[in-house]
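Beneath this line is the structure, given in structure tokens, with notes to follow.
No lab work stands behind these numbers, since they all come straight from the coordinates. Just so it is clear, the model here is predicted, and its values are computed rather than measured.
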Amino acid sequence: MTQHLPPGHDRLRLISAREAARFLGLTLDQLYRLRERGDGPPGYRLGRHIRFRWADLKAWQQRDADPL
């Protein structure tokens, strides 16, 4: 599934895990499980929260869509 970044987005802005999961078409649990296995998009811990960058999500999404 190819999704475009929202209009006016900032590629370096950090977003919540819930927003990231929605963008990727995953549940929050799926996103967390992928991260635990080391297969998910890179995230950044800020206190007890994990944040994601739009650019990292888009790159991870493209990597996942590219054939081997």
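On full extension of the chain, what length is gained from Tyr44 through Arg63, given 0.36 nm per residue of separation minus the C-alpha to C-alpha distance? Numbers along the way, then the final one.
Details: separation 19, 0.36 × 19 = 6.84 nm, distance 1.93 nm.
The Tyr44-Arg63 span can extend by a further 4.9 nm.
Under 8 Å for C-alpha pairs, at least 6 residues apart: give me the relative contact order for segment 14-65, rounded to a whole percent. Please list the in-between numbers first.
Working: 46 pairs, mean separation 20.8, N = 52.
40 percent.
Please state, as a whole number in µm²/s, the translational diffusion coefficient that the Stokes-Einstein equation yields for segment 14-65 at 20 °C and 1.002 mPa s, with Rh defined as the Kirkwood radius across alpha carbon pairs.
Details: Rh = 10.8 Å.
Estimated diffusion coefficient is 199 µm²/s.
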